[in-house]
Structure formats: C-alpha cells, structure tokens
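The structure appears right after this line, and notes come after that.
Here, each number is a calculation from the coordinates, and none is a lab measurement. What you are looking at is a predicted structure, and each value in this text was computed from that prediction instead of being measured. Virtual Cβ from ideal backbone geometry, glycine too; neighbours counted across all protein chains shown.
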Amino acid sequence: MNISARNIFRGQVEAVKAGAVNSEVDLRLSGGEKLVAMVTNESAQSLGLAAGKEVVALVKASSVLVMTDDSGIRLSARNCLAGTVKAVTSGPVSAEITIALTGGTEVHASITHNAEVDLGLKQGSAATAVFKASAVILGVPA
C-alpha cells in the first residue's frame, strides 16, 4: 500500500462498541499498545469489524500532538501513547518528531518549529503522542 499517511499501524480488533451513529473500535497493535478508533457504524459493518479481525490503522502526522509533561491533566483524546523521542527533523517552520514506543512501534508527528523548541524535544527525551480516536482511519486486508 502506498499512502501519504506517515503512521501506518497494524493490529487486531479487540472490541467494537456500537453507538447510535458511530462505533468505538479498540485495537491492539503488533507491539502490544492499545489504540482506539471512532468510525461510523456503516463503516464498521462494511469492513466486517469484529474481535480478532486484522486491521490497518492510519493517522496523519499532522493529527498527532506531542506532550512532554501532562502536569496531571486528563485529556479527552483517547490515544495517548508514551515513548521516547527517536528522531527530530527540524526545519525553519515545522519539525517532524518520531516517538518510539516500548513495543517497537513508531509514531510520527508534524509540529511547528516553535513547539519543538518550547517542548525541548531531543533524541532520548520522554514524549507522548496524542491523537483523537476520530483521527484514525481503519482499513482491512482485501
């Protein structure tokens, strides 16, 4: 698959919870991390989403926020994946941050250069990738 999304996660559906319009889909990634996606009920049905189903989850790097200190604040974003900064590619306007999770999965974030500096992001520093469940696009093998 050739696609512009920087984050391509492979995993398995753990649970599908249908609501009135949308379904919450709990995933377990190949590295053991948990990810949550929110898709329409129609999408969940047409993809045949059910526990045990293999899926691919896509998240654009521009949808990923980077947090270095939660200061005890709870977020409404369902996906908060803690790890270590593996790489920082800095430019005059923006930066790409690669966060390595403990299970080996990597998350890429595209943030402003100012945010990179303000957060003090450097290789080896602790960071958390944060993104909403609605930012996750699911696909299944054909």
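Worth a mention:
- Contacts under 7 angstrom Cβ, first residue in segment 116-137 being within 23 Å of GLU42 (Cα to Cα), partner part of a loop (DSSP other than H, G, I, E, B) and of a type in the set (D, E, K, R), 6 or more apart: LYS132/ARG78; ALA133/ARG78
- Exactly one residue among ALA142, ALA109 is without any contact (Cβ under 8 Å) to a residue 60 or more places away in the chain, small (Gly, Ala, Ser), under 21 Å from ARG28 (Cα atoms) and not in a strand (DSSP E or B), and that residue is ALA142.
- Residue in segment 33-44 that is on the phi > 0 side of the Ramachandran plot and not in a helix (DSSP H, G or I) present: no
- Residue in segment 53-64 that is polar (S, T, N, Q) and under 17 Å from ALA129 (Cα atoms) present: yes
- Residues of segment 60-106 that turn out to be touching a helix residue (DSSP H, G or I) at 6+ places or on another chain (Cβ under 9 Å) and either among the acidic types (Asp, Glu) or without any contact (Cβ under 8 Å) to a residue 12 or more places away in the chain (or both), as a count: 2
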